[in-house]
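Undergrad: Take this structure first; my questions come after.
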Amino acid sequence: MVFGEYHFQAILEDEAHLPPFKGSTFRGVFGWALKSVVCALKRQECPSCLLRQQCIYTKVFELPPDLQPQGKPHPPHPFVIEPPLDPRTYLPPGESFDFTLLLFGAANQYLPYFVYAFQEMGKIGIGRRAQGHRARFRLLAVASPNTGIIYHHEDGSLSPGALLDLKPMDVAGPGPPVDEITLTLLTPLRLKYQNRLQAELPFHVLVRGVLRRITVLASHYGDGEPSLDYRGLVHRAQEVQTVQSSLYWLDWERYSQRQAQAMLLGGLMGSITYRGELGEYLPLLRFAEKVHVGKNSTFGLGLFKVCQASGD
């Protein structure tokens, strides 16, 4: 699966009043901005629009049921927005901030539209209204780990080589023997097991969530479902022990523009240490580190880091 990672640098033009976790705020305004940028028939509803089969917005945000692939799980969004992890709820004018956009598969070809959408997002503003408007910002630059700066506001153009160094990211074979790892949850993790959100994280529940994420992304944006011993991986994961945990449940509130109501979301935060035969799981976890795992990953939930006992 082709994987793109793009780091955006911006500066606030107004004071910003934002929630402690800013992912849903960024995602919501990004959706409005992208639709305004690419929509040709602005009075037409997406499901009945003549252009929906070729529309970037529907492919990214609202794929109509008749366009969804048959015989495959519902396609996930081909992007993740990693917002600033700064928990402050007030940012003054002139404050700079960064965020990251992850793109999967063919969605990388839409990067110019996404950059333009974030420029428009800066004009719309983010966060709670203050003095009659939301906090506006100016997009300064976009960088890629592979190619460096690919966009700068002074010249206003995207580097022709922005997409040339994209590398496919796949699940590699078993890693070296590892008997202990520590998982640190950087944003709330929402995993379901037996149709219920889990307030604990046994290793097999984590592995099930990682395998689901890998499979659905590879099926829709890669070369198809990877050849993995799913049943064996889950079975052996049940033998892995939790030796230390500081996990806790964090509830937070987001406002859904689509549903016009506040919604309470919760997820696991903290760290947990596992011990057992973990070598075969490390490549899977490294993949999931990049793409996030669990519900609501598009606005940055399910971000974690793995540390081996011997150090990375």
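The values are calculated or read from the model by the stated rules, or taken from the named source; none is laboratory data. Source: prediction; values computed, not measured. Backbone-built Cβ (ideal geometry, glycine too); neighbour counts: all protein chains shown.
Undergrad: Can you name the residue in region 97-150 that is more than 23 Å from G4 (Cα to Cα) and among the charged types (D, E, K, R) and is also surrounded by the fewest Cβ atoms within 10 Å (Cβ to Cβ) among such residues? Don't jump to the end; show me each part of the working.
TA: Applying the first criterion (more than 23 Å from G4 (Cα to Cα)) to region 97-150 yields 123-137.
Pick out the ones that are also among the charged types (D, E, K, R) and you get 123, 128-129, 134, 136.
Numbers: K123: 13, R128: 14, R129: 10, R134: 18, R136: 16.
Checked region 97-150; the qualifying residue surrounded by the fewest Cβ atoms within 10 Å (Cβ to Cβ) is R129.
Undergrad: Can you work out which of the residues in region 273-312 that are in a helix (DSSP H, G or I) and acidic (D, E) is surrounded by the fewest Cβ atoms within 10 Å (Cβ to Cβ)? Give the derivation first.
TA: At the first step, the residues of region 273-312 found to be in a helix (DSSP H, G or I) are 279-291, 297-299.
After this cut, where a residue has to be acidic (D, E) as well, the list is 280, 289.
Details: E280: 18, E289: 16.
Among those that are in a helix (DSSP H, G or I) and acidic (D, E), it is E289.
Undergrad: Let me ask another. Cβ-Cβ distance below 8 Å, separation of 6 or more or different chains: which pairs start in region 46-64 with a residue that is farther than 16 Å from A107 by Cβ and end on one that is among the small types (G, A, S)?
TA: Partner pairs satisfying both residue conditions: L51/A40.
Undergrad: A further question on this structure: How many of the residues making up region 227-244 are modelled with pLDDT of 95 or more, surrounded by fewer than 16 Cβ atoms within 10 Å (Cβ to Cβ) and not in a helix (DSSP H, G or I)?
TA: 6
Undergrad: Of the numbered conditions (1) touching a residue at least 12 places away in the same chain (Cβ under 8 Å); (2) surrounded by 10 or more Cβ atoms within 10 Å (Cβ to Cβ), S157 fails exactly one; give the number of that condition.
TA: So S157 meets the others, but not (1).
Undergrad: Determine which member of the set G232, G224, G209 is of a type in the set (G, A, S) and under 17 Å from the mean Cα position of the chain (by Cα). First the steps, then the outcome.
TA: Working: G232 fails: under 17 Å from the mean Cα position of the chain (by Cα); G224 fails: under 17 Å from the mean Cα position of the chain (by Cα).
So the residue among G232, G224, G209 that is of a type in the set (G, A, S) and under 17 Å from the mean Cα position of the chain (by Cα) is G209.
Undergrad: Scan region 204-226 and give yes if some residue there is in the same structural domain as H292 (by TED's automatic domain parsing), surrounded by fewer than 16 Cβ atoms within 10 Å (Cβ to Cβ) and modelled with pLDDT of 90 or more, otherwise no.
TA: The answer is no; no qualifying residue exists.
Undergrad: Working carefully through the options T298, T273, find the one that is of a type in the set (S, T, Y), out of contact with any Lys or Arg (no Cβ under 8 Å at 6 or more places or on another chain) and in contact (Cβ under 8 Å) with a residue 60 or more places away in the chain.
TA: Working: T298 fails: out of contact with any Lys or Arg (no Cβ under 8 Å at 6 or more places or on another chain).
Within the list T298, T273, the selection yields T273.
Undergrad: Moving to a separate point now. What is the residue count in region 1-26 for residues that are in a helix (DSSP H, G or I) and touching an Asp or Glu at 6+ places or on another chain (Cβ under 8 Å)? Working first, answer last.
TA: Step one: filter region 1-26 for residues in a helix (DSSP H, G or I), giving 23-26.
Next, from what is left, pick out any that are touching an Asp or Glu at 6+ places or on another chain (Cβ under 8 Å): 23.
Going through region 1-26 one residue at a time, the tally reaches 1.
Undergrad: Next up: Assess whether L139 counts as being within 29 Å of E225 (Cβ to Cβ) and either touching a Phe, Trp or Tyr at 6+ places or on another chain (Cβ under 6 Å) or not in a helix (DSSP H, G or I) (or both). Spell out the reasoning first.
TA: On the way: within 29 Å of E225 (Cβ to Cβ): no; either touching a Phe, Trp or Tyr at 6+ places or on another chain (Cβ under 6 Å) or not in a helix (DSSP H, G or I) (or both): yes.
No.
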